[in-house]
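Encoded as structure tokens, the structure appears first; notes follow it.
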Amino acid sequence: AFSRLEFKGRDFLFSVLLMTMMVPGELYVITNFVTVTNTFNWYNRFEALIFPFLVDVFFIFFLRQTFKQIPDSMYKAAKVDGCSDFKYLLRVMIPIAKPTLITITILNALGTWNAYVWPRLVTEEDHHLVSIGLRAFADAEGRTDYRLQMAAAALITVPILIVFLFARKYIMRGVGRSGT
């Protein structure tokens, strides 16, 4: 909508959305926690780890820039062919933005994979992520076994490395396209 649709206050609304990127994430942790636990009853459930971070302002900005690079002539040609707006989105814009969407998915997965505070806050031990598990390499006196911790850190980077190796061509295309 921010890249294609003309509506009153579009630029102002987008500016306000971009201004929210300046607010540190720590400021809205409490409101997110109250919403997740009281409103949705998602304490110690995977939904609490997934849904609050599905949308990010940076990703909206990234997609807007990608969609703005698609020429208007494609939209006009699709309209002449009898294509609806939703069909144009599904058949033209999303396939063109596929590398960007894959890049966004990977960036979001990396942020979730490396999260420490939020999973610790909304889950108990049976739902903790690997970043929290790395802190478990301490003995009864609280001393950390750094050898085990470094070995575990190396092991948990393997899935991210595999995802990157399989998706690197999409990442490069997404980043390259946004730079042209």
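The values are calculated or read from the model by the stated rules, or taken from the named source; none is laboratory data. This structure is a prediction, so every number in the text was calculated from the model and none was measured. Methodologically, a virtual Cβ is constructed for each residue, glycine included, from the backbone with ideal geometry; neighbour enumeration extends over all protein chains shown. With ligands, DNA and RNA removed, areas are computed over all heavy atoms of the protein, side chains included. Shrake-Rupley method; radii C 1.70, N 1.55, O 1.52, S 1.80 Å.
Points to keep in mind about this one:
- Charge context of HIS128, other residues only, Cβ under 10 angstrom, K/R +1, D/E -1: -1
- Distance in nm between pseudo-label sites at PHE12 and VAL92 (7 Å out along the Cβ direction from Cα): 3.1
- The structure-derived value of Cα extents along the principal axes in Å appears in the list (1) 72, 39, 26; (2) 79, 44, 18; (3) 91, 39, 24 under the label (1).
- Summed over qualifying helices (DSSP H, 4 residues or more, each -39500 (n - 2.57)) and divided by its residue number, the chain shows a 222 nm mean residue ellipticity of -17500 deg cm²/dmol.
- Here the accessible area is traced with a 1.4 Å probe on the protein chains. For the chain, carbon and sulfur cover 66 percent of it.
- Proximal lysines relative to LYS98, as straight alpha-carbon distance under 24 Å, when same-chain residues fewer than 8 apart are discounted: LYS68, LYS76, LYS79, LYS87, LYS169
- Surface per residue (accessible, 1.4 Å probe) for the chain, Å²: 69
- Comparing region 45-146 with the 2.2 N^0.38 Å rule of thumb, its C-alpha radius of gyration ratio is 1.65 (two decimals).
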